[in-house]
Every structure is written in structure tokens, then in C-alpha cells.
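Report on the structure given below.
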There are 2 protein chains.
Amino acid sequence: MPKADAPRFDEAFRADLRALFRWRRDVRHFRRDPLPEGLLERLLELANLAPSVGLSQPWRFVLVEDPARRAAIRADFARCNAAALAGQAEERAGLYAGLKLAGLEEAPCHLALFAEGDPTQGHGLGRETMPETVAYSAVMALHTLWLAARAEGVGLGWVSILDPAAVRRVLDVPGDWLFIGYLCLGWPEAEEASPELERLGWEKRRPIAERLLRR
Amino acid sequence: MPKADAPRFDEAFRADLRALFRWRRDVRHFRRDPLPEGLLERLLELANLAPSVGLSQPWRFVLVEDPARRAAIRADFARCNAAALAGQAEERAGLYAGLKLAGLEEAPCHLALFAEGDPTQGHGLGRETMPETVAYSAVMALHTLWLAARAEGVGLGWVSILDPAAVRRVLDVPGDWLFIGYLCLGWPEAEEASPELERLGWEKRRPIAERLLRR
């Protein structure tokens with residue numbers, strides 16, 4: 001396609017995009033009402049446009065609807081979270097105990113994300129020295145989903161306090177699929193300008209200057 | 001912040017956002033002229049807003065300006081690319097040899113991205129069962145940078161055909177930093193509606209239906 005046909009993004013769009021990046025939030029408090037029919041599918045169509053190594057599209061989404069499987073995931077989270085709490089330094093344990101780290105109870109929509117470990121699609125291009133680019137491609141699909149969801153007002157929370165092997169077992173997926181994350185989606189109970197971890201005093205965001213070297 | 005203060009994204013913004021996702025492109029052909037003063041810094045500020053596990057911000061960007069280091073990176077790419085070509089199936093080797101996989105020669109801006117393996121920031125939250133979430137956070141910073149760059153018309157190409165240990169050595173960064181990717185940025189020589197890998201017949205994008213299970 002010649003240059004003239006490329007979309008042109010104006011400053012108003014870029015300002016909204018900056019607002020989306022700034023305000024994206026990892027949402028942990030959801031209303032229980034379901035998402036409108038078809039919305040999740042539209043969001044997943046966008047996630048499917050994410051970059052992937054060698055155009056391998058290694059992401060595999062699992063929509064978790066079965067109540068028994070959802071309960072088993074919650075139980076695994078409770079187990080892993082208790083272990084993580086036990087591992088916290090004494091002065092942080094109280095703070096940790098107060099964090100609401102999951103939205104697994106209320107969120108109407110549960111999505112597990114995996115990466116196929118050795119996809120045939122893409123013919124191996126770009127991952128000989130860095131096979132982890134397969135997982136990284138799935139992460140970019142997740143991040144695309146996240147931004148697309150927030151632009152529709154839908155909240156997303158990424159739960160990583162789970163045992164990957166347990167999640168694979170509960171969801172009955174191939175043993176060579178790499179578990180990337182478990183996602184809760186739904187309407188947020190409230191919108192927040194700052195991350196919950198900042199508001200609760202767990203951590204604060206540092207400037208990019210501390211993250212940039214020159215060589 | 002109450003709900004009323006949250007940014008509201010309208011359908012026009014979402015349509016542009018969909019266009020950005022669809023048309024993002026991994027750019028491999030760059031003009032040699034530099035980016036305007038300050039643009040890269042603004043893009044990195046946005047990347048710094050990416051989600052990160054426990055608010056750990058584990059990304060470490062290295063702006064590679066030294067000609068000798070750039071040449072060493074190009075040499076490592078040439079080595080790894082030759083090895084990857086040798087590993088291709090016979091019927092694909094010709095096609096592989098014709099792919100222009102890097103923009104390392106022309107791109108005015110080179111950025112290497114690492115993740116700090118065990119950051120103190122974030123106090124370990126969310127990564128006890130999945131330490132790989134540290135790398136995944138850096139990938140989301142990269143993807144944020146990518147989208148922000150494309151919204152400004154800046155091209156980005158992700159080079160993964162490199163030896164991570166060699167890159168660490170060439171750039172003289174701590175040995176425990178995890179190499180995520182090497183990024184070329186600059187003005188694209190041309191805008192393309194479809195991925196180069198599709199146009200050259202390497203691979204084609206498959207629908208999301210093939211990537212979605214229900215459980």
C-alpha cells in the first residue's frame with residue numbers, strides 16, 4: 001500500500017492514546033453483570049492483530065466458563081497467595097494481607113492465556129537464539145487486549161499468583177502450552193487515577209530517567 | 001478519583017485505535033535521517049507507563065549510540081542469521097535468504113531492552129510462582145513504545161536474531177539483566193498495509209477462532 005493510504009493519526013488521537021496508557025489500570029474490583037454479547041469476541045479479534053515472532057501467532061486463549069473449573073482456579077490462587085504471604089518480610093505482611101490481588105470472585109469473564117511452546121506457524125523464524133519470543137508474542141496479544149478493553153471501559157486484571165501446572169491441569173490443555181496469565185474482565189466497580197498498589201502504599205512509579213542508559 | 005474524572009474514549013478514538021493495532025507493522029526499512037530532538041524521550045516516557053508486576057518497572061532501556069558497539073551488534077546478527085539460515089528446511093532456505101530481517105544498517109536509533117531479573121522495586125509481589133512476569137512486564141513496555149511510536153509515524157523493528165550473552169557483553173550491562181529485544185527506530189521508507197512476511201509468502205495471519213478454546 002502506498003504511503004498515501006496509511007492511516008494518519010492526529011494529535012487529538014495521540015493525546016487520547018497517552019491518556020489510555022496513563023490510565024489503563026490493572027482492575028481488581030468488578031461488577032458482576034456480564035459484558036454485552038459479542039464484546040469479548042471483538043476484543044479478542046484485536047488481540048489477534050498483535051505482533052508475533054515470525055507471524056507465528058502463538059497465543060491460545062481459553063475462555064473459562066465452567067463453575068467447577070473456576071472454583072478450582074480460585075482455590076489454587078488462595079493456596080499460592082497464602083504461600084506468598086508467608087514469604088513476605090514481617091513489616092510488609094500486614095500490607096500484603098490487605099491487598100485485593102484478584103478479581104476472581106466477581107469478574108464475569110475469565111480468560112486464561114497460554115503460548116504454544118513450539119508452533120509450526122512462523123516456521124521458526126526469529127526464535128532460534130531466543131525461543132522466549134514465543135511467550136513474548138502472547139504477552140503482546142494480552143497487552144493489546146488490555147488496551148482495547150480499557151478503551152471500551154472494560155476492566156482487566158492480570159492474575160499471576162497461580163501455579164502454572166495446576167492451571168494447565170484444571171483447564172485440560174496440552175502439557176507443552178506455556179501458561180502466560182489468567183485474566184479477569186468485567187465492568188470496573190470504580191475508576192481510579194492511580195494504581196491500587198500506589199494508593200495502598202505498596203510501591204510507587206519511578207521516572208524513566210532511572211531506567212535508561214546510554215552506550 | 002470518582003468515575004466522572006475518568007477519561008472517556010469515544011467511538012472515533014476506538015476506530016483509530018483499531019487502525020493502529022491493524023496497521024502497526026514491524027518496520028524493517030528505514031530512512032537514515034534522525035528522529036526529531038526529544039521525540040524518543042517522549043516515547044520512552046509513555047513506555048514507562050506500561051503495566052508491571054507489583055509495580056516493579058523492571059525494564060531497562062539502553063540507547064546504543066557508539067558506532068563500535070553498533071557494529072558489534074550487526075556482526076552478531078550476521079552470525080546468528082547465518083546459523084538460522086543453515087537451520088532452515090531446504091525448500092524454505094531461498095525464501096529465508098531473501099527476507100530483510102533487520103534494519104540495523106539504516107535505522108538512526110538503536111535501543112536494547114533488558115529486564116532486571118530480580119528487582120527490589122515491587123517487593124516481589126505477584127512473581128513468586130511466575131518469575132517470568134518480570135520479563136513479561138518489559139515486553140509490555142516495549143509494546144507500549146511500539147504503539148506510541150507508530151501513532152507518531154515512527155517505525156519500529158524488533159530484532160531477536162541475536163545472542164543474548166553477546167548483546168550483554170557488547171553493551172556492558174550487568175550479567176543478571178535479561179535481554180528482551182533489540183529495537184530499531186526511525187522513519188519508515190514506505191508504509192505497508194500487510195506484514196512483510198505475508199507479502200513475501202513466508203506466513204499468513206490466521207483468524208482468532210483458531211486460537212480460542214472454551215472450558
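Read the figures in this text as sums done on the coordinates, not as results from a lab. All of these numbers come straight from a predicted model, not from anything done at the bench. Don't worry about glycine lacking a Cβ; one is built from the backbone with ideal geometry, like all the others, and counts go over all protein chains shown.
Numbers below:
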item	result
14 Å Cα-Cα reach of residue B:100 towards aspartates and glutamates, excluding residues that sit fewer than 8 places from it in its own chain	B:26, B:189, B:196, B:198
GNM flexibility winner over chain B from B:108, B:67, B:58 (Cα, springs under 10 Å)	B:67
Once the Cα gyration tensor of chain A is diagonalised, semi-axes √(5λ) in Å	28, 24, 20
Most fluctuating residue given options A:105, A:65, A:90, as computed from a GNM of chain A linking Cα atoms under 10 Å	A:90
Most mobile listed residue (A:35, A:95, A:156) in chain A, GNM with C-alpha springs under 10 Å	A:95
Label geometry 7 Å along the beta-carbon vector: residue B:98 inter-copy distances in nm	6.4
Inter-chain Cβ neighbour average for residues A:129-138, partner chain, 10 Å	6
Separation in nanometres of the label points that stand 7 Å from Cα toward Cβ, at residue A:22 and residue B:33	3.0 nm
Test item: Cα-centred dipole of chain B, Lys/Arg +1 and Asp/Glu -1 on Cβ, debye	680 debye
Sites residue A:41 and residue B:91, calculated FRET efficiency, Cβ-Cβ separation with R0 35 Å, nearest 0.05	0.45
Exercise: per-residue mean of other protein chain Cβ atoms within 10 Å, A:47-58	6
Full-stretch length increase - residue B:82, residue B:190 - with 0.36 nm per residue and alpha-carbon distance subtracted	36.2 nm
Other copies of residue B:11: label-to-label distances in nm, shortest first, labels 7 Å along the beta-carbon direction	2.8
Cleavage-rule hits (GluC sites (Glu not before Pro)) in segment B:1-42: DSSP loop, at most 13 neighbouring Cβ within 10 angstrom	B:37
Pairwise centroid distance, computed over Cα atoms, of segment B:140-215 with segment B:51-105, Å	10 Å
Dipole magnitude of the protein assembly as shown, debye to nearest 20 (Cβ charges: Lys/Arg +1, Asp/Glu -1, about Cα centre)	80 debye
Karplus-derived 3J(HN,Hα), 6.51/-1.76/1.60, for each residue of segment A:202-213, Hz, glycine and proline x	6, 7, 10, 6, 9, x, 4, 3, 7, 10, 10, 10
nm² value of the averaged projected area, convex hull over the Cα atoms of the protein assembly as shown	20.0 nm²
For residue A:39, label point 7 Å along C-beta direction: distances to other copies, nm	3.7
Approximate shape of segment B:76-149 as ellipsoid semi-axes (Cα gyration tensor, √5λ), whole Å, largest first	33, 18, 11
Estimated FRET transfer efficiency (residue B:66, residue B:100; beta-carbon r; R0 25 Å; 0.05)	0.55
